[in-house]
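K.L.:
Here you go, one structure.
The values are calculated or read from the model by the stated rules, or taken from the named source; none is laboratory data. Predicted, not measured: the structure shown is a model, and the values here were computed from it. Note: ideal-geometry Cβ built from the backbone for every residue, glycine included; neighbour counts use all protein chains shown. When the accessible area is computed, the model is the full protein with side chains, heavy atoms only, and any ligands, DNA or RNA have been set aside. Shrake-Rupley method; radii C 1.70, N 1.55, O 1.52, S 1.80 Å.
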Amino acid sequence: MDPANYESLSGGNATAIIVLTGYLAMLLVLGWMGHRASSAGEEDYYLAGRKQGWLVSTLTIMATFLSSFALLGAPGMVYREGVVFGLVALNIPVAGFCIYTLGRRIWEAGKNQGFVTPADMICGHYGSSTTLRLLVVLTGMLFAIPYVMIQIKAGGDLAAVLFRGSAHAYEMGAIVLALITAAYIMIGGMRSVAWTDAIQCLLLLGGMLLAGLAITVALGGPAAFAEEVAKLPDSSLTIPGNTGLWTLPFLFSVCLLMPIGGIIQPAQWMRFYSADGPQALRRSALIFIFILTACYLFGIMPVGLGGQVQYPLQFNSGGVAPASEVGVFDQILIVLAREQLPVLFGTTFGGIVTTLLIVATMAASMSTADSNLHALSALVTRDIYGKLIRPRANDRERVWVGRVTILAATMIALFVVISGSRPESSLSGFMEMIVGLALFAVAFSVQLLPITIDILFLKRGTQAGAVAGLGTGLAVAFAFTSLFPLVAGSDSFLIGIVERARAFIPVHAAAWGLIFNILTFVTVTRIQKKSNTTTPAI
Amino acid sequence: MLSSSDKVVKSPQFPKRDPRRRLRRELASLTALFAAMLMATGPGVLLVDRPETFLGLPLIYGWGILWYFIICGIALVTDRYIWRKDSQGDELEDGSC
């Protein structure tokens, strides 16, 4: 590296540290302000009193949906696979439609019957069932914890690039992000989460568009950019992408199911409850569809493709690898910002733009981590502690249990992230890319879809059908994830069955789980109705 | 005692809506969305799966942008004929879940 650039980058590091420190301090202040504005009680702590206006609702829904997937995972995947991942951006309108089609009805049920968590509504419909409630909580955990891990990992990745050469930079970045996030949620509850989400969402959206614009300019403008992109290898410009992952069935199943899984997960469900009315959700849906999709198509895509131009991929017999200067696919945006922008725009302005992108990336991570940790605390507090362990606990006690849950979940996620970062760890492959972790998480949350559709539209399922369907869906989805071989053993006969099934129908794990979920739900419901007996509460 | 019409209509200035008609419209909207997704990310992609460019953009990238605008149109129509009316005061006839 040119020594002159190294010095400028060091100066840029100081700027980034100062701005990041100020940003993190601001989040803690917002946490405190949220605490001051809150009244005592669970409904205020978890749902901000069901009074969130359309603007905060919109921004917090978007911020919760986006995550580090937006600024690290997606550019990393575009960098690795090419234009095919641009089609994945079209999953966002599907999520937007779900916000109103499902969210409006969830809101109404929550308002009329005082629901706070997804399990409240699901068990309210099918009858109080311990097994069903625990399955719903488990589903929420299986989504939330990997998603929190993604965000903490992103903090580590960010620090690793920012402080390259420093020992334990990754670990320190992960720890700082985790602890600051946990702190302001514990202090201020949903209000703090929503207010910080609102600011973080604006940073995120701005960061996505800024990144695309900056990289396009860095390559010489739109015409030059297009000319360079056209020269990329054919595999970068066609399906199934450079690694062959994005076959049509896989692409279609992800585009259809990933957004649904991302919308009916507990944190978003609680945002529907929190809205002050259907107008808030209607506006959220429209803004989500128009603006968020555009940010991906016109902001993120140029970053990944520009990355391939500036740092050509290495194709070898083992597959495809990032350029040595990049190191890790998911770091392409940060590397491009650090290396190219100061050269293009000069030290000062380039440093400012780079810092803004880093802050936006941090915002992306924290906005999703806080929502999922907050939702997780609601699940544990209301659905386990409040219903099964200490039903007589008062609001104040429950809120404190929620805070302890947030801290415990953060520590668990942090431990797994730091352990998995070691190359010798059995989890290192599982945690390699943010998009992989995100797809793992939504494979579970999407299993709530059959129950949700039945509750909101069909009203034909039974409690036993719901329990059997959800349990089967979770188990099958897990069998088709990359974590299953670690649990079952690579020589298990089940692995062989899964591999053959996947070769026959190459769709995502979420789809496999959903197929068996629906079949089981319908079959058990029909059997139960046919036998015409009432299922006792389990 | 409330009559059945009082239970259904929350805002007297809006006429009572047939929930089945509303559901049919929603289903039509979702069908249009699904069809768009089939074209954009499903078998429709095979029409443009070539390493060529259109107006300087890779074909597949341009395909994604095209279907983004089409889906935005579907969303606008859905909002105009379904969401806006629904959010402005009508209660769902089936009430809560």
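K.L.:
Would you mind putting A:275-285, A:191-201 in packing order, based on average other-beta-carbon counts within 10 Å, highest first? Walk me through the numbers before you get to the answer.
P.N.:
Numbers: A:275-285: 23.5, A:191-201: 25.9.
Peptide ranking by packing, descending: A:191-201, A:275-285.
K.L.:
Same structure, new question: Arrange the residues A:Thr405, A:Thr131, A:Thr117 by how much accessible surface each exposes, largest first, with a 1.4 angstrom probe.
P.N.:
Values: A:Thr405 20, A:Thr131 50, A:Thr117 0 Å².
The ranking, largest first, comes out as A:Thr131, A:Thr405, A:Thr117.
K.L.:
Can you give the charge dipole size of chain A about its Cα centre, rounded to the nearest 20 debye, using +1 on the beta carbon of Lys and Arg and -1 on the beta carbon of Asp and Glu?
P.N.:
The calculation lands at about 2060 debye.
K.L.:
Just counting partner chain Cβ atoms within 10 Å, what average do the residues of peptide A:132-144 show around their Cβ? Could the numbers behind the result be given before it?
P.N.:
Working: counts 0, 0, 0, 0, 0, 0, 0, 0, 0, 0, 0, 0, 0.
Taking the mean over all residues of the peptide, I get 0.
K.L.:
Subtracting the Cα-Cα distance from 0.36 nm times the residue separation, let me have the gained length for A:Met33 to A:Ile17 in nm, one decimal. Intermediate values should be presented prior to the final figure.
P.N.:
Values: separation 16, 0.36 × 16 = 5.76 nm, distance 2.43 nm.
Length difference between fully extended and current span is 3.3 nm.
K.L.:
Which trypsin sites (Lys or Arg not before Pro) from the stretch A:375-415 combine a DSSP loop assignment with at most 10 other Cβ atoms within 10 Å?
P.N.:
For trypsin sites (Lys or Arg not before Pro) across the stretch A:375-415 that sit outside H, G, I, E and B with at most 10 neighbouring Cβ atoms in 10 Å, the list reads A:Arg392.
K.L.:
Further question on the same structure: What is the dipole size for the stretch A:183-291, taken about its Cα centre, with +1 at each Lys and Arg Cβ and -1 at each Asp and Glu Cβ, in debye to the nearest 20?
P.N.:
Approximately 380 debye in magnitude.
K.L.:
Need one value: the accessible area of A:Val401 in square angstrom, 1.4 angstrom probe, rounded to the nearest 10.
P.N.:
30
K.L.:
Let me ask something else about it. Tabulate in residue order the Karplus-calculated ³J(HN,Hα) for the stretch A:438-444, using 6.51 cos²θ - 1.76 cosθ + 1.60 with θ = phi - 60°, rounded to whole Hz; enter x for Gly and Pro.
P.N.:
Result, rounded to whole Hz: 5, 5, 4, 5, 6, 4, 8.
K.L.:
Checking the a/c ratio against 1.5 first, then a/b against b/c, what shape does the Cα gyration tensor give for the stretch A:19-156?
P.N.:
Because a/c hits 1.5 or more and a/b fails to exceed b/c, the stretch A:19-156 counts as oblate.
K.L.:
Can you pull the one-decimal nm distance between simple spin-label points at A:Lys231 and B:Leu30, each 7 Å off the Cα toward Cβ?
P.N.:
4.9
K.L.:
Is there a simple number for the mean count of other chain Cβ atoms within 10 Å of the Cβ of residues in A:75-88, and what is it?
P.N.:
Details: counts 0, 0, 0, 0, 0, 0, 0, 4, 9, 7, 3, 9, 10, 2.
Averaged over the peptide's residues, the number is 3.
K.L.:
Same structure again: If each of A:Leu209 and A:Thr130 carries a label point 7 Å out from its Cα toward its Cβ, how far apart are those two points in nm?
P.N.:
Result: 5.4 nm between the two label points.
K.L.:
To the nearest 10 Å², what's A:Thr101's accessible area with a 1.4 Å probe?
P.N.:
Its accessible surface works out to 10 Å², give or take rounding.
K.L.:
If I model a spin label as a point 7 Å beyond the Cα along the Cα-Cβ vector, how far apart are those points for A:Thr243 and B:Tyr81 in nm?
P.N.:
So the two model labels end up 4.2 nm from each other.
K.L.:
Another question, if that's okay. For peptide A:90-103, how many partner chain Cβ atoms fall within 10 Å of a residue's Cβ, on average?
P.N.:
4
K.L.:
With the contact rule set at Cα under 8 Å and sequence spacing of 6 or more, what percent relative contact order holds for chain A?
P.N.:
The normalised contact order for chain A reaches 29 percent.
K.L.:
With unit charges on the beta carbon (Lys/Arg positive, Asp/Glu negative), name the residue among A:Gly241, A:Pro259, A:Leu414 whose Cα is farthest towards the positive pole of the charge dipole of chain A.
P.N.:
A:Pro259
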